[in-house]
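Report on the following structure.
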Amino acid sequence: MPTLKDVAKRAGVAPSTVSRVINDSSRISEETKFKVRKIMDEIGYHPNINARNLVKQRSHNLGLVIPYSTEEAFADPFYSEILRGIGVLAHSKGFNLLLLTSNGEDEEKKTVLNAVRGKQIDGVLLLRAKKEDGLIDELTKINFPFVIVGRPEEQDKYYWVNNDNIAASERVVDYLIANGHRNIAMIVGDENYIMNEDRLQGYKNSLRKNNLKIKDELIVQSEKIDYQSIYMLSQKMIKEYPEITAFYGMSDTMAYTIMQAMNDLQMSIPEDISIVGFNNNPMSKIVSPPLTTVDINIYLLGNKATELLIGVINGQIDKYQHTIVPAKIIERSSCKKLN
């Protein structure tokens, strides 16, 4: 069985350097880390993770908090793509992932804090940003490492990674208006999630900037964003307000549901109704018609959030900071230019 000394000899480095690579020390260059890890794979050397963790009081697990049950989360392509971005970087740094799902705020807090107290995780990735978030307050009190994917209410107080949802939302509504649309319907999710508030703000900013009236009847707030709720709401809106020429789905998953609802009313997309989404899930280029949407670079969101969290865990980052991942409109075939 190969040993640490065998790795050091093959790599032409000291055994202490191999140990630092295993511990992902910031004192070792990325070039050396790559070289040593490659040799470890080649000769089949596997460090004793359990022994190392006992000494360092580390689990080498990252806890992922998803704002839905596991079943609901994996039905949304957004989460599978962001988990891919998280997983690739976590694996490269020697971390595993532990999903912490729940069916409510109290259960979520209990689940996460139990994992923290049981030393099952070294840090937390919160895949949402909420108003008056009790879990964030608890993690802050005990000084436990966490990173938010989203914009927290107090932007200078936490580590977080996000898109500029207000600006991106404004741009996609600008796009619809530039294509002749004036009656743009929007279904908004739970107002307790800051992302929903920001995307609604962008929608309103665009209408004001283009000197268009904000029509409250074309904005529907719904705490439930499951398939059935969005399907029924979108059909109800188009029947009550047939002047609607476009729907702005606050997520691609919502847009897919609206597309199905309109098809079932024998409305053709984009000839009878235009639809745009938000997120650019991998499915959006293969639905029929392919969906015009906002690419928020989901993979990079997950990657950057993980990089930031591991930096905090390892003591390489100790001052609050945030990263804004750029977003852009992807024009496909679901939006019609009106005369």
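The values are calculated or read from the model by the stated rules, or taken from the named source; none is laboratory data. Note that this is a predicted model, so its numbers are computed, not measured. Here the Cβ positions follow ideal geometry from the backbone for every residue, glycine too, while neighbour counts run over all protein chains shown.
Of note:
Residue-by-condition table, conditions (1) at pLDDT below 90; (2) among the charged types (D, E, K, R):
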{"site": "PRO67", "(1), (2)": "yes, no"}
{"site": "ASP76", "(1), (2)": "yes, yes"}
{"site": "ARG84", "(1), (2)": "no, yes"}
{"site": "PHE95", "(1), (2)": "no, no"}
{"site": "LEU98", "(1), (2)": "no, no"}
{"site": "THR101", "(1), (2)": "yes, no"}
{"site": "GLU105", "(1), (2)": "yes, yes"}
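- When ILE317, ILE244 are checked against the criterion of being buried (at least 16 other Cβ atoms within 10 Å of the Cβ) and within 27 Å of LEU89 (Cβ to Cβ), a single residue qualifies: ILE317.
- Annotation note: of ASN205, ASN179, ASN196, ASN165, the sole residue that is within 26 Å of LEU301 (Cα to Cα), in contact with a Lys or Arg (Cβ under 7 Å, 6 or more places away or on another chain) and touching a residue at least 24 places away in the same chain (Cβ under 8 Å) is ASN165.
- At least 1 residues being more than 30 Å from LYS239 (Cβ to Cβ) and of a type outside the set (S, T, N, Q) is the threshold, and among the strands (runs of 3 or more DSSP E) wholly inside the stretch 123-213 those reaching it are 123-126, 146-149, 160-162.
- Filtering the stretch 231-256 to residues that are assigned to a helix (DSSP H, G or I), closer than 20 Å to THR292 by Cβ and not aliphatic (A, V, I, L, M) leaves SER234, ASP252, THR253, TYR256.
- Qualifying residue in the stretch 300-313 (condition: more than 14 Å from the chain's Cα centre (by Cα) and under 22 Å from TYR203 (Cβ atoms)): no
- Residue in the stretch 262-276 that is surrounded by 15 or more Cβ atoms within 10 Å (Cβ to Cβ) and part of a helix (DSSP H, G or I) present: yes
- Hey, SER234 in contact with a helix residue (DSSP H, G or I) (Cβ under 6 Å, 6 or more places away or on another chain) and at pLDDT 95 or above or not: yes
- Criterion violated by TYR203 - all others in (1) crowded, with 20+ Cβ neighbours inside 10 Å; (2) over 25 Å from LEU338 (Cα atoms); (3) aromatic (Phe, Trp, Tyr) satisfied: (2)
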